[in-house]
1. Out of A141, A205, A137, report the one residue that is within 26 Å of A365 (Cα to Cα) and under 13 Å from the mean Cα position of the chain (by Cα).
2. Among (1) open to solvent by less than 60 Å² (accessible area, probe 1.4 Å); (2) in the same structural domain as Y37 (by TED's automatic domain parsing); (3) not acidic (D, E), where does T250 come up short?
3. For R35, only one of the following conditions fails: (1) within 26 Å of P359 (Cα to Cα); (2) open to solvent by 60 Å² or more (accessible area, probe 1.4 Å); (3) outside the structural domain of P359 (by TED's automatic domain parsing). What is its number?
4. Report the residue count in the stretch 235-247 for those that are within 9 Å of the ligand (Cβ to nearest atom), of a type in the set (S, T, N, Q) and open to solvent by less than 20 Å² (accessible area, probe 1.4 Å).
5. Kindly evaluate I282 against the criterion of being of a type in the set (A, V, I, L, M, F, W, C), farther than 22 Å from L202 by Cβ, open to solvent by 20 Å² or more (accessible area, probe 1.4 Å) and not in a loop (DSSP other than H, G, I, E, B).
6. Any chance you could count how many residues in the stretch 239-277 are at negative phi and free of Cβ contacts under 8 Å to residues at least 24 places away in the same chain?
7. Hey, any hits in the stretch 299-320 for a residue that's assigned to a loop (DSSP other than H, G, I, E, B), within 19 Å of the chain's Cα centre (by Cα) and either crowded, with 21+ Cβ neighbours inside 10 Å or not assigned by TED's automatic domain parsing to the domain that holds F102 (or both)?
8. For the stretch 38-67, which positions are small (G, A, S), assigned to a loop (DSSP other than H, G, I, E, B) and surrounded by 13 or more Cβ atoms within 10 Å (Cβ to Cβ)?
Amino acid sequence: MITPNMHYAELKDSYLFYNIAQKTKAYLEANPDKRLYRMGIGDVSLPLCDAVIQSLHEAVDDQANKERFHGYMPECGAPFLREAIANYYGQRGVTLSADEVFVSSGASDELGDILDLFDKKSTALVMEPAYPAYVDANVIAGRQICHLASGRENGFLPQPDPSIQADLLYICSPNNPTGAVFSKEQLKAWVDYANQNGAIILFDAAYEAFIEDSTLPHSIFEIEGARTCAIEICSLSKTAGFTGTRLGYTVIPKDLVRNGMNLNEMWVRNRTTKTNGVSYIIQKGGAAVFTPEGQKQIHQNIQVYKNNAKILMEVLDQAGIWYCGGKNAPYIWMECPNGMGSWEFFDLLLREIQVVGTPGEGFGACGEGYFRFSTFGSPEDTKEAARRLAKLLQK
Ligand code: PLP
């Protein structure tokens, strides 16, 4: 009899979103006249921008034309998109060759698949609170996990210390759930740690486009030394509304070598074995994001979410509540008032003002006592939620 991967039995049930769904369902059943203001969602609410839609339409027409039709796409990505992404990095002073960029169907897929590159005996370091996929993907692979807690004292931006012994270092900046962003100096400390210890950083840049402070790095490759110790995983999901369209990219520098093995070459081998590439139509749509018009339009959408963040931050400022995020990220991570627990605060918001957020505890034990608001909702709902929150916090 075949033995399944028994590590699945070690996965902790993800109670977070299940519990939220159960609690909101029960509340609505008991209070059918009420409506909810959902500030917990990590999905976008605005549609794809015009430049992308136009490019998608053109690509569909290409597929109906004998001369312009595309069959299988190159496994690592269409050259036109790999070039466009490399140029995007170039605009920020990061030099990449197009074959260091791999087109993917999104960051979630890559965060799981990329683990093929590493020995199962390596240890993964997850800085918490964290996006849950980092831990789960490594549990499934049977890898040991080292949990590094962070807190208000370090602004939820932990720094390396000599006691840490890990091979794969997850860094998410701007962070989900905290919205905190590492400075160049703080990232340099992790790059130095990785280079000194032969470790590799998996840098999740899914929210880079939300950074507005020009001193903050969008990419790990803005940091000297990163080409020999980092892989960057990015997504167009939040940047350009591709959550349902699916497109992302991964950067693996050719200088990334461990034990005589070149990780860029290994990933080419992996992709050519395990995928037949991303759809031509979607890649064409994605390429429009990197044109000047596409950039202008996606930033108009991002601005809508930023305005939502501003409205919520004003409420918290006025109430004197500590928070991080919001300015350079689509998430606001607030301390629950009066020492409340995160589920206690969740229940209070649901019961008293019908606002639904995400309890911090769901992102790791050190998230207890904190609460996440997402800014991806509609401006109308955000305004009403903010008005209700302000009133509640005054009490
Ligand atoms: N990484 C982080 C930090 C995220 O928050 C998300 C989605 O919420 C992802 C990756 C996944 O993105 P994608 O939609 O490209 O799979």
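1. Numbers: A141 fails: under 13 Å from the mean Cα position of the chain (by Cα); A137 fails: under 13 Å from the mean Cα position of the chain (by Cα).
After ruling out the rest, the residue left standing is A205.
2. (2)
3. Here R35 meets the rest and fails (3).
4. Total satisfying the criteria: 2.
5. Numbers: of a type in the set (A, V, I, L, M, F, W, C): yes; farther than 22 Å from L202 by Cβ: yes; open to solvent by 20 Å² or more (accessible area, probe 1.4 Å): yes; not in a loop (DSSP other than H, G, I, E, B): yes.
Considered against the rule, which asks whether it is of a type in the set (A, V, I, L, M, F, W, C), farther than 22 Å from L202 by Cβ, open to solvent by 20 Å² or more (accessible area, probe 1.4 Å) and not in a loop (DSSP other than H, G, I, E, B), I282 comes out as yes.
6. Start the filter on the stretch 239-277 by keeping residues that are at negative phi, which leaves 239-240, 242-245, 247-258, 261-276.
Now narrow it down to the ones that are free of Cβ contacts under 8 Å to residues at least 24 places away in the same chain: 244, 261-262, 265, 269, 273.
Going through the stretch 239-277 one residue at a time, the tally reaches 6.
7. The first filter runs over the stretch 299-320 and keeps only residues assigned to a loop (DSSP other than H, G, I, E, B), leaving 320.
Subset that is within 19 Å of the chain's Cα centre (by Cα): none.
Scanning the stretch 299-320, I find no residue that is assigned to a loop (DSSP other than H, G, I, E, B), within 19 Å of the chain's Cα centre (by Cα) and either crowded, with 21+ Cβ neighbours inside 10 Å or not assigned by TED's automatic domain parsing to the domain that holds F102 (or both), so the answer is no.
8. Step one: filter the stretch 38-67 for residues small (G, A, S), giving 40, 42, 45, 51, 55, 59, 64.
Next cut, assigned to a loop (DSSP other than H, G, I, E, B) only: 40, 42, 45, 64.
Correct list: G40, G42, S45.
The values are calculated or read from the model by the stated rules, or taken from the named source; none is laboratory data. Computed from a prediction, not measured in an experiment: that's the story for all the values here. A quick note on method: Cβ atoms are made from the backbone with ideal geometry, for glycine too, and the neighbour counts reach across all protein chains shown. These area figures cover heavy atoms from the full protein model, side chains too; ligands, DNA and RNA do not enter into them. Shrake-Rupley method; radii C 1.70, N 1.55, O 1.52, S 1.80 Å.
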